[in-house]
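The values are calculated or read from the model by the stated rules, or taken from the named source; none is laboratory data. Every value quoted in this text rests on a predicted model; they were computed, and no experiment measured them. Backbone-built Cβ (ideal geometry, glycine too); neighbour counts: all protein chains shown. All accessible areas refer to the heavy atoms of the entire protein, side chains included, with ligands and DNA or RNA removed. Shrake-Rupley method; radii C 1.70, N 1.55, O 1.52, S 1.80 Å.
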Amino acid sequence: PQAPVVRMELEPVMQPAPRTVGGDVDIKAFLDAVGLPAGGGQRRAEGSANNNAGALPYSVTNNDGLSTGGSSGEKATCCAPPAHSASSGFTVTTNISTAVGANATNSNTGTSHSAIAEDQLCFIRTVESFRQYINRASAVMQHRRAQFATLSQEHKQLLDFDAEARIFYPYARGIHENHQFLLGVCRSAKTLFSGYWPHAPVPSYFDHPDFAPRHGEEEPEDEVDDNATAKLPSVVKGAEKEGSSSPTGNPSNPQERYRKQAAERQQQEQPLTAGQQGDKSTTAPTTASPEGRQPSGLAAHSPSSGTLYHTDDIIPSSIDSEKVFSTLRQCVRDWSDKGHPERAAVYGPIIQALTQYFPAMEQRQKVNVLVPGAGLSRLSVELAKLGFNACGNEFSYHMLITGHYLMNHMRCANQYTLYPYVDTTLNLVRRSDQLSAAMIPDLCTIEQAEEIQQGGLSMVAGDFLEVYNRSTEHDQWEAVVSCFFIDTAHNVLDYLTCIYKILCPGGILVNIGPLLYHFADSTSEASIELSLDEVLHAASQVGFVPITNVQLLPTTYTNNPLSMKQMVYQAAFFVLQKPFSAPLAAPQQGQKAE
């Protein structure tokens, strides 16, 4: 077929218009704060001491984030060794709030107070990775500006445009807009922390000035309004069923739970006691810090151990920081109009299968649908709108914290404008493609509370197998939706057997996704990689019965449709059923089959 012809005239690049609650920003001051290299080396941004810093609602410094440069003896932290590997992640159990205040060691999960302290530290490190986005993105932009600054006069004449005005002014504004959204995510994390660990004092980390409301923005409320019942509970269901109390006495009702947490915090608020400077918990993970790094005043108090973790403990790993960039693109996929094509390609077949199998709308509230690997929870919301009792399960703090903000703290649709590809300079057809904007959320849960309340909506934080591979979850779910999920397992056979156990007789597994196998490249983590026909054969051996043919559906994932590089998956879609009764044993020789 004949390739389409693209007209390649140099088009003007317009400045993105600020739409966030953070207000406008002086882009020239922003760029001056980031700085350009002098004499071939990088210069340090002075932060609040910089004459231009007063024009910014924040400062770009290398004291508590990624260095935009450094003097001799200082190193940028973008290549700092990770505090934990991408494969091992962090320990999150069935219901984080359940583990706190219970026995020293949970007999089901082996969770100890030291593990909870590490969980809290990982939570704060994730929030810090969001806060430091501005530093990392600015450092990368500064490096790119430095490359343009090295062009000879002859080459600059060939370009015949002002790179600062055409490329870096819009680039900087896009970073600023993303930063405003991520600061909102950080501010809401305080409420989520209290939901996960209701009996623990709120860490002093959340008192950092960056988390204070800005430019008239309302501070996230700790208490849930009675009229906002569509808000997604942080954790309302673990091993216990709805309506029962957790071992800590934490009510399942989200409104009552938040009120109780607020009252407890008022009673328990006491000055935080810190150990000696530099003391570390023996159970806390350590992060290799750059030489010459000085404490920035950030600290995270661990309620479980009484230890004050200093700056080096909460420095995000390079992997943590990279996840922030992918989280922005995930927000566009799940919560913007621009993500609708991808959602329609994968959520559409899932919704069609569930509505065909459970056609009676009035009966769907009794249909419990589990969505493991729920991510930012958009699929769970769509199922709740259709009347299903949907429960998401997620392991990643990046997803949990961002999803909490999108679900519980959005005041209206299209509240933020994100520039998810502003950090991408490869495979651009036009410069404006780098500045492609997306408004989020396209659906505000508060505005559509009545529609969402037709079903049920809840969220469980934790590893899928740790949460659900237990006898109390057996035969409890009418459907399990696996959307880009089964290949996240170390051993997909563990997922298949667990899903089979938790499905009630007649329940269905609806799957769509590739077989990317997230641990395939790891030399330190187990990874069993089966082909699709082998997965389906194993599923039949477990006991599943196919009720649809397998379809390979083309789809992308957090794809930039404007990019010259397009990666398309052939996602496997199929529906399996757990039989209503166990299959009959094969008749022995000489016997007649019944």
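From the list 210, 225, which residue is modelled with pLDDT under 90, farther than 30 Å from residue 422 by Cα and open to solvent by 20 Å² or more (accessible area, probe 1.4 Å)?
Details: 210 fails: farther than 30 Å from residue 422 by Cα.
Result: 225 is the single residue among 210, 225 that is modelled with pLDDT under 90, farther than 30 Å from residue 422 by Cα and open to solvent by 20 Å² or more (accessible area, probe 1.4 Å).
Does residue 326 satisfy the criteria of being under 23 Å from residue 554 (Cβ atoms), at pLDDT 95 or above and in contact with a His (Cβ under 9 Å, 6 or more places away or on another chain)?
It is true that residue 326 is under 23 Å from residue 554 (Cβ atoms), at pLDDT 95 or above and in contact with a His (Cβ under 9 Å, 6 or more places away or on another chain).
Could you check the stretch 536-553 and list, in sequence order, the residues that are open to solvent by less than 80 Å² (accessible area, probe 1.4 Å) and touching a residue at least 24 places away in the same chain (Cβ under 8 Å)?
536, 538, 539, 542, 543, 544, 545, 547, 548, 550, 553
One residue is enough: does the stretch 472-481 have a residue meeting the conditions open to solvent by 60 Å² or more (accessible area, probe 1.4 Å), more than 21 Å from residue 351 (Cβ to Cβ) and part of a loop (DSSP other than H, G, I, E, B)?
Taking every residue of the stretch 472-481 in turn, at least one turns out to be open to solvent by 60 Å² or more (accessible area, probe 1.4 Å), more than 21 Å from residue 351 (Cβ to Cβ) and part of a loop (DSSP other than H, G, I, E, B).
Residue 498 versus (1) touching a helix residue (DSSP H, G or I) at 6+ places or on another chain (Cβ under 7 Å); (2) more than 26 Å from residue 376 (Cα to Cα); (3) assigned to a helix (DSSP H, G or I): which is the lone unmet condition?
All conditions are met except number (2).
Could you check the stretch 156-213 and list, in sequence order, the residues that are free of Cβ contacts under 8 Å to residues at least 12 places away in the same chain and in a helix (DSSP H, G or I)?
Scanning the stretch 156-213 gives 156, 157, 158, 159, 165, 207, 209.
Write out, first by first residue and then by second, each pair whose Cβ atoms fall under 7 Å of each other, whose residues are 6+ apart or on separate chains, and whose first residue, in the stretch 327-341, is without any contact (Cβ under 8 Å) to a residue 12 or more places away in the chain and more than 10 Å from residue 440 (Cβ to Cβ) while the second is aromatic (Phe, Trp, Tyr) and outside any helix (DSSP H, G or I).
As it stands, the answer is none, since no pair meets every condition given.
Looking for something closer than 26 Å to residue 193 by Cα and of a type in the set (Gly, Ala, Ser) - is there at least one such residue anywhere in the stretch 442-449?
yes
What residue, among those in the stretch 442-470 that are among the β-branched types (Val, Ile, Thr) and outside any helix (DSSP H, G or I), is surrounded by the most Cβ atoms within 10 Å (Cβ to Cβ)?
Selected residue: 460.
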